[in-house]
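The values are calculated or read from the model by the stated rules, or taken from the named source; none is laboratory data. Not measured: the values here are computed from a predicted model. Backbone-built Cβ (ideal geometry, glycine too); neighbour counts: all protein chains shown.
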Amino acid sequence: MMLEIKNIDVFYGDAQALWDVSLAVEEKEIVTMLGANGAGKSTTLRAVSGLLKLNKGSISFAGVRLDRIKPHQIILRGISHVPEGRRLFPSMTVMENLMVGAYVSSAWKGRASSANEVMEIFPVLKERRNQLAGTLSGGEQQMCAIARAMVSHPNFLLLDEPSLGLAPVIVERIFDVIQRINQRGVTILLVEQNAHTALQIAHRGYVIESGRVVTEGPASRLLQDEHIKQAYLGL
Amino acid sequence: MNLKLIAEQLLNGIVLGSMYALVASGLTLIWGTMKMLNFAHGELYMIGGYVLYFSLLLLGFHPFWGILLAVFIAFVLGLLMERAILHPLLDKPEWHVSSIVATLGVSIFLQNFALKAWGERFKSVPYFIEGTLDLLGFRVAYQRILILLVAAVVMVGFWIYVKRSRFGIALRATAQDRDAATILGINSHRVYLITFGISSALAALAATMLAPIFLVNPWMGIPPQLKAFIVVVLGGLGSFGGAILGGFLLGCIESLATVFLSSEWKDVAAFAVLIAFLVFKPSGFFGAKEW
């Protein structure tokens, strides 16, 4: 098991956001986490990244307890997080954003070649390299956010709603890239509201409602599930 | 009105303004990264002045080493202050209030410490370089030329450092989006710590350069602190470019007020401009810009 989330409870102040959530991702898989707005998808990813503390349960990655190390050290384990809403550094250029992605000492030395490498995945970023990230279009910002996460050569990617607010044709292109990244051997945990598209590329899926995991299974089975069809696929 | 007098005063304004810019850039640096106002900034400046005084007059240092020692001690003091006093308040509720109260406390403590330990007598520090330069009929003291040179070198150097170095990248990332910086491996607490040290060092450097002109005393930090707040409002809170532009502008306003009104009126002019900005352009020249 690569990532293992076991029975976690997470609170925002006094409000409980996650109830006994468990989730596992095997090496080289794409696992998607589906659910409505506010169901607890982003909360789960933020807990993995250490931005939120657990009240109960554990999160381990390749046998190491992530909930026991400092948030800024999690990337050193090979986990990269593309947060909800991209969260680029708006007053920095595309290139500077990629340089922040290469901040960890293992990546800093080879930052220039790594940045060029990830810009091969998204050629449009090459044209925009000296443009401020805040002035990019939504699709370009998402590409920049994924590229920024890839500069440190992670083997696990946490993707939070990469399709949010993007035109269908752009979403398709981004999901294409996600699949390509996965084929290169990067394991992916993908949080999505866009259930249909996510289940197209995922191997397995989890459905989360009001902070609890309600269903899980292979993507092909979830696509056939009556409840999911009604609630998330609009069929 | 005598044009030569105006030109000379403007030059003085630029020299003084360069130091306002240096003090204000430390203040704006802290605001930009930690989102707090440091009310003890002027006292770190004051400590810089005393360290210079003692290293020149008691230890017999060359001014260069005295300045370096003052900057270094202020840097370390900044680190200690951040770790001991501000760090425990970070990420707790009411940070905007608690940081002001805490730094105000440090400010009062340091002023009274200086008064008790070093006395209320104003101490004079000799000019680093004697003599004046005669240029196109102007007489400019070498000390003032030195001040301008130091300000230019430090500001340009600091700007390049923030733009290019690994720490500079981490600093700007933390200032713009702390959570995003954290997930990319940046330890924001360490960034805050070092930022505080650098900010204190900038204040102390300005103090050492101005000490020969303004004398060293326990309250010497109050005027530059107030001026730095004005500068930061003129330039836009958190903006480095704004702090520099605002610094020079304030220096020139004060000098011109001295020429056209009288030297007692220069603070009135400075604060009148502050009030005008607060009323008509509260975001300053560059708005609340990010690093």
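Structure data summary
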read-out: Search result, residues across the stretch A:1-29 that are part of a strand (DSSP E or B) and within 9 Å of A:LEU189 (Cβ to Cβ); value: A:LEU3, A:LEU23, A:VAL25
read-out: Selected residue (only one of A:ARG148, A:ARG87 is closer than 25 Å to A:GLU192 by Cβ, facing chain B (nearest Cβ under 9 Å) and in contact (Cβ under 8 Å) with a residue 60 or more places away in the chain); value: A:ARG148
read-out: From the options A:VAL25, A:VAL21, residue that is in contact with a helix residue (DSSP H, G or I) (Cβ under 7 Å, 6 or more places away or on another chain), more than 10 Å from chain B (Cβ to nearest Cβ) and among the β-branched types (Val, Ile, Thr); value: A:VAL21
read-out: Failed item, numbered, when A:ARG148 is tested on (1) surrounded by 15 or more Cβ atoms within 10 Å (Cβ to Cβ); (2) at pLDDT below 95; (3) in a helix (DSSP H, G or I); value: (2)
read-out: Flag for A:GLY57 being in contact with a helix residue (DSSP H, G or I) (Cβ under 9 Å, 6 or more places away or on another chain) and under 24 Å from B:ALA180 (Cβ atoms); value: no
read-out: Qualifying residue in the stretch A:123-131 (condition: part of a helix (DSSP H, G or I), crowded, with 19+ Cβ neighbours inside 10 Å and within 11 Å of another protein chain (Cβ to nearest Cβ)); value: no
read-out: Qualifying position, being part of a helix (DSSP H, G or I) and under 17 Å from A:PRO162 (Cβ atoms), among A:THR44, A:THR32; value: A:THR44
read-out: Residues located in the stretch B:125-170, provided they are in contact with a strand residue (DSSP E or B) (Cβ under 9 Å, 6 or more places away or on another chain), among the aromatic types (Phe, Trp, Tyr) and in a helix (DSSP H, G or I); value: B:TYR142
read-out: Hey, A:LEU76 within 7 Å of another protein chain (Cβ to nearest Cβ), over 24 Å from A:LYS41 (Cβ atoms), surrounded by 14 or more Cβ atoms within 10 Å (Cβ to Cβ) and within 20 Å of the chain's Cα centre (by Cα) or not; value: yes
read-out: Residue match in the stretch B:273-289 (condition: under 14 Å from B:GLY17 (Cα atoms) and more than 14 Å from chain A (Cβ to nearest Cβ)); value: no
read-out: Pairs with Cβ under 8 Å, 6+ apart, first in the stretch B:117-130 and under 13 Å from B:LEU52 (Cβ atoms), second surrounded by 15 or more Cβ atoms within 10 Å (Cβ to Cβ) and of a type in the set (Gly, Ala, Ser); value: B:VAL125/B:GLY49; B:VAL125/B:ALA211; B:TYR127/B:ALA141
read-out: Residue within the stretch A:160-170 that is free of Cβ contacts under 8 Å to residues at least 24 places away in the same chain and out of contact with any Cys (no Cβ under 7 Å at 6 or more places or on another chain) present; value: yes
read-out: Selection count where residues are closer than 21 Å to A:ALA39 by Cβ and buried (at least 19 other Cβ atoms within 10 Å of the Cβ), scope the stretch A:179-203; value: 11
read-out: Condition met for A:ALA198 (part of a helix (DSSP H, G or I), in contact with a His (Cβ under 9 Å, 6 or more places away or on another chain) and in contact (Cβ under 8 Å) with a residue 60 or more places away in the chain); value: no
read-out: Residue within the stretch B:125-142 that is touching a helix residue (DSSP H, G or I) at 6+ places or on another chain (Cβ under 6 Å), surrounded by 11 or more Cβ atoms within 10 Å (Cβ to Cβ) and modelled with pLDDT of 90 or more present; value: no
read-out: Conditions (1) farther than 12 Å from A:MET33 by Cβ; (2) not in a helix (DSSP H, G or I): number failed by A:TYR206; value: (1)
read-out: Verdict on A:ASN55 being facing chain B (nearest Cβ under 10 Å), polar (S, T, N, Q), more than 29 Å from A:HIS196 (Cα to Cα) and more than 16 Å from the chain's Cα centre (by Cα); value: no
read-out: Boolean, B:LYS116 is of a type outside the set (A, V, I, L, M, F, W, C) and more than 23 Å from the chain's Cα centre (by Cα); value: yes
read-out: Residue among B:ILE186, B:ILE198 that alone is within 21 Å of A:LYS109 (Cα to Cα), touching a helix residue (DSSP H, G or I) at 6+ places or on another chain (Cβ under 9 Å) and at pLDDT 95 or above; value: B:ILE186
read-out: Residues located in the stretch B:172-213, provided they are within 17 Å of B:TYR161 (Cβ to Cβ), of a type in the set (Gly, Ala, Ser) and within 14 Å of another protein chain (Cβ to nearest Cβ); value: B:ALA173, B:ALA175
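Rundown of residues vs (1) farther than 25 Å from A:THR43 by Cβ; (2) among the hydrophobic types (A, V, I, L, M, F, W, C); (3) within 16 Å of the chain's Cα centre (by Cα), yes/no style:
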{"site": "A:LEU125", "(1), (2), (3)": "yes, yes, no"}
{"site": "A:GLN131", "(1), (2), (3)": "yes, no, no"}
{"site": "A:LEU159", "(1), (2), (3)": "no, yes, yes"}
{"site": "A:ILE174", "(1), (2), (3)": "no, yes, yes"}
{"site": "A:ILE178", "(1), (2), (3)": "no, yes, yes"}
{"site": "A:VAL186", "(1), (2), (3)": "no, yes, yes"}
